[in-house]
Amino acid sequence: VMQEHYENLREGAPREHRVMRPYGGKNPAEFFAVATEAFFERPRMMRRMTPALYDELRRFYGFDPETQSPC
């Protein structure tokens with residue numbers, strides 16, 4: 001899931017660019033940082049636009065920022 005969204009962001013896919021800053025396409029570490037930022041700052045948009053990525057980060061952090069509760 002991460003690799004797919006990272007590549008989409010690098011290629012300029014509109015869906016990923018609406019959710020995450022383009023800088024995340026620089027390298028995998030920056031992608032993870034930018035995706036994490038979007039996950040916590042724009043959870044509704046991320047869940048709507050990139051649901052698989054949202055779910056992956058929700059499981060990773062054990063937290064759902066949209067409901068503000070542990071998973």
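Observations
- Solvent-accessible area assigned to carbon and sulfur over the chain amounts to 51 percent, based on a 1.4 Å probe.
- The long axis of helix 51-61 is offset from the longest Cα principal axis of the chain by roughly 60 degrees.
- Overall, the anisotropy analysis places the chain in the prolate class: the square-rooted eigenvalues a ≥ b ≥ c of its C-alpha gyration tensor yield a/c not less than 1.5, with a/b exceeding b/c.
- Surrounding net charge for Q3, when Lys and Arg each add one and Asp and Glu each subtract one, Cβ distance under 13 Å: -4
- Rolling a 1.4 Å probe across the protein heavy atoms gives the chain an accessible surface of 61 Å² per residue.
- Under a model in which nothing but the beta-carbon of Lys, Arg (+1) and Asp, Glu (-1) is charged, the chain shows a dipole of about 200 debye around its Cα centre.
- Helix 28-41 axis versus longest C-alpha principal axis of the chain: approximately 40°, rounded to the nearest ten.
The values are calculated or read from the model by the stated rules, or taken from the named source; none is laboratory data. Please read all numbers here as calculations on a predicted model, not as lab measurements. Methodologically, a virtual Cβ is constructed for each residue, glycine included, from the backbone with ideal geometry; neighbour enumeration extends over all protein chains shown. Note: accessible area is taken over every heavy atom of the protein model, side chains too, but ligands, DNA and RNA are not part of it. Shrake-Rupley method; radii C 1.70, N 1.55, O 1.52, S 1.80 Å.
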